[in-house]
């Protein structure tokens, strides 16, 4: 009785298929984890902006007015939040509430700010399910975060 060493072609193909399946599952899991991390960053950024806008309101009793601006976007002149509102450069004699406006975690992703004298909304979009609900466009206000684009 003779024994052959090595694997048959069929055995080798089965092993390769199993490794391919495991690699695919690992990549999908990693992409999902990255999307969740980006959503956590968005929620953190919005919280920072809400806090700075609250400080602004405490001193001015109003919010920086804007019909709509992509904060932090190059050319939008909205890189910082100072006593003069969202500006690109600050006057050293004025207080700065936010030295650098956060931008989204993806390339060319910015938060949209719109406000009147009594309220504001910051638009952002999630990629995965969060504590806010399934992936959707959300609006942050002084009163919280919801699906309504209104100055609150």
Check: Which number in (1) under 19 Å from residue 145 (Cβ atoms); (2) out of contact with any helix residue (DSSP H, G or I) (no Cβ under 8 Å at 6 or more places or on another chain) marks the one condition that residue 99 misses?
Finding: (1)
Margin query: Filter region 48-76 down to the residues that are under 15 Å from residue 97 (Cβ atoms) and either in contact with a helix residue (DSSP H, G or I) (Cβ under 8 Å, 6 or more places away or on another chain) or without any contact (Cβ under 8 Å) to a residue 24 or more places away in the chain (or both) and list them by number.
Written below: 51, 58, 60, 61, 63, 64, 71
Item checked: Yes/no for residue 37 being at pLDDT below 90 and part of a helix (DSSP H, G or I) -> no
Next item on the list: Among the candidates 47, 54, 121, 76, single out the residue that is part of a helix (DSSP H, G or I) and either at pLDDT below 90 or within 17 Å of the chain's Cα centre (by Cα) (or both).
Entry: 47
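The values are calculated or read from the model by the stated rules, or taken from the named source; none is laboratory data. Values in this document were obtained by computation on a predicted structure and should not be read as measured data. Cβ coordinates were reconstructed from backbone atoms using ideal geometry, including for glycine residues, and neighbour counts include every protein chain displayed.
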